[in-house]
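Remarks on the structure that follows.
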Amino acid sequence: MNIFQDFTDRINAVVRSIAGDDASGLDLGRAIVEPPRDPSHGDLASNAAMVLSKPLDLKPRDLATRIAVALARDPDVATAEVAGPGFVNVRLAPAYLHKALASVLAADVGYGRSDIGGGRGVNVEYVSANPTGPMHVGHCRGAVFGDALANLLAFAGYDVTREYYINDAGAQVDVLARSAYLRYQEALGEDIGTIPEGLYPGDYLIPVGEALAREHGPILLAMPESEWLPLVRDTAVAMMMAMIREDLSALAIEHEVFFSERSLTAGEPSAVAAVIAWLREKGYIYEGRLPPPKGQLPEDWEDREQTLFRATAFGDDVDRPLIKSDGSYTYFASDIAYHYEKYRRGFRTLIDVMGADHGGYIRRMQAAVEAISEGGAELDVKIVQLVRLFRDGEPVKMSKRSGEFVTLRDVVDEVGVDPIRFMMVFRKNDAPLDFDFRKVTEQSRENPVFYVQYAYARACSIFRQAEAELPDLDISPEALRAARLDRLLDPGETTLIRRLLEYPRAIEAAATAHEPHRVAFYVHDVASELHAHWNRGKELPQLRFINAGDSESTLARLALVHATKLVLSSGLAILGVSAPEEMR
């Protein structure tokens, strides 16, 4: 049961009754029901009177009063009051809370699932790190964010495809190949000296050189670069991608699709050439000159006639070049072709998870998607800000070029998967994040992942205690569903019930906004409510979850704990974090 949708429907019914013949013209979708900002104001708050008063030719407070009077007659409502300029605040009857909790128990592991996605396809492209080395901790946040978002959307009823775009074309993979070739020479016994500036010096390329030596022997040494480069490049990219897949697997991340950038320029005509030709037919491409950028001119700026995409026709601030002076395609041209390929595969909702340095890319890519889909597809670009890594209070510097960087596997091996996955989404994606090795592993309330997992483990321990102290009490799921939930009247119990009843709305809001951090915040709030009520039981024995002298009360409280377990387990699963039954 989604209590917010339930009361949205009830309030809409009241408004339609008030409107009478005018009801057909009302935009009821503007009216929302949500938790009030101040819990003391009740359980639900609605803006219906404020957004619907004008078409009904009523003052907002007058309409709110009529809505509140009608709701007050509802047996599931304890009170309905008008507040401020026209909000309607509703306090639910205890019996309704108990009925709603019973629906949670009945739904079991399906509680919170939504059908708002309607089975529509969504493509979530995330990570997409250049295949030039192992993944470092800087990639980690985007990887976890994208995977949690994909889980969230699937839970909300979307048909999700997880995709990785392999940047296996362009200068950076040629640099990788030349770096691997040095390691190949080294594997054959040559002294390669210091790795030249501009190449990748990391030891992770030593196995690539050894593999090349085993496969080819010394034959590559006699070839000109134009012949050995593609051979070395293919091997290096394949081995780097195998390493990246292993790194992602260590974080429990798997993609269904790995799409090669190089495939876009293969064939005749290539996918890039084809989409450029199509855009030209539509009038979205022309030959022209760009004005010089404001401020100091970049070194690579050229005042020349070039092939331009009319990005300004779709909201961008400048038209964008598609072909370089040497005749090769720009990265933007390949990206247009890649997104057209997604659209051609049937996706109408595209989500790209990008690093902090891609903020300037958003408007041009949204313009491109609007053009290639003729308004039929939507692109949401989620920018993931930097992770600042600390060890022993000192920042850890990373440099992929120098080879002195902290790999993702280093972090996984040191702190484990759960702290990484939880902490990487326990902050909004577009805000910088500090990751402290000590804090994410300490067992304290200040460590959010421990705090939430401990709540689940504590709930499990309550059931183990019940089995030990009351061996004759039936605490099976069937018995819990039949419990006398009307015994749950303490404010701590009803507060926890209210929090659990927010879960379906939290899921739908997070999925609609593409913000998985909301789920992390929510499960942390649930954990806080459980811990708070458990602590009250230490001071007030009559509030403890297990009361040997009152089996009805015990069973009702165990039902509440079971519902809490269901929600915590479900939310943690969306985040890709385990729900341990014990914590030592």
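The values are calculated or read from the model by the stated rules, or taken from the named source; none is laboratory data. The shown structure was predicted, so the numbers you read here are calculated from the model rather than taken from an experiment. Cβ sites come from the backbone with ideal geometry, for glycine too, and all protein chains shown count toward neighbours.
The table for this structure:
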quantity: Within segment 277-286, considering residues that are out of contact with any Pro (no Cβ under 9 Å at 6 or more places or on another chain) and assigned to a helix (DSSP H, G or I), the one farthest from THR330 (Cα to Cα); calculated: GLU281
quantity: Complete set of residues in segment 308-324 that are among the hydrophobic types (A, V, I, L, M, F, W, C), under 19 Å from TRP278 (Cα atoms) and surrounded by fewer than 20 Cβ atoms within 10 Å (Cβ to Cβ); calculated: ALA313, PHE314, ILE323
quantity: Segment 454-501: number of residues that are under 36 Å from the mean Cα position of the chain (by Cα), under 20 Å from ILE3 (Cα atoms) and of a type in the set (A, V, I, L, M, F, W, C); calculated: 6
quantity: Those residues of segment 485-497 which are more than 12 Å from LEU543 (Cα to Cα) and surrounded by 18 or more Cβ atoms within 10 Å (Cβ to Cβ), in sequence order; calculated: LEU485, THR494, LEU496, ILE497
quantity: Any hit, segment 346-354, residues being touching a residue at least 60 places away in the same chain (Cβ under 8 Å), within 30 Å of PHE437 (Cα to Cα) and surrounded by fewer than 20 Cβ atoms within 10 Å (Cβ to Cβ); calculated: yes
quantity: Qualifying positions in segment 409-423 - modelled with pLDDT under 95 and crowded, with 24+ Cβ neighbours inside 10 Å; calculated: VAL411
quantity: Failed criterion for ALA520 (all others in (1) in the same structural domain as ARG499 (by TED's automatic domain parsing); (2) under 22 Å from ARG481 (Cβ atoms) hold); calculated: (2)
quantity: Total residues in segment 281-307, condition of a type outside the set (Phe, Trp, Tyr) and surrounded by 15 or more Cβ atoms within 10 Å (Cβ to Cβ); calculated: 4
quantity: Any chance LEU92 is within 18 Å of LEU560 (Cβ to Cβ), out of contact with any strand residue (DSSP E or B) (no Cβ under 9 Å at 6 or more places or on another chain), in contact (Cβ under 8 Å) with a residue 40 or more places away in the chain and not hydroxyl-bearing (Ser, Thr, Tyr); calculated: no
quantity: Residues that are assigned to a helix (DSSP H, G or I) and loosely packed, with under 14 Cβ neighbours inside 10 Å, drawn from segment 207-237; calculated: ARG214, GLU215, GLY217, PRO218, ILE219, LEU221, ALA222, GLU225, SER226, GLU227, PRO230
quantity: Flag for LEU264 being part of a helix (DSSP H, G or I), more than 24 Å from the chain's Cα centre (by Cα), under 30 Å from PHE145 (Cα atoms) and at pLDDT 95 or above; calculated: yes
quantity: Qualifying residues in segment 355-399 (those that are modelled with pLDDT under 95 and acidic (Asp, Glu)) - the one farthest from VAL440 (Cα to Cα); calculated: ASP357
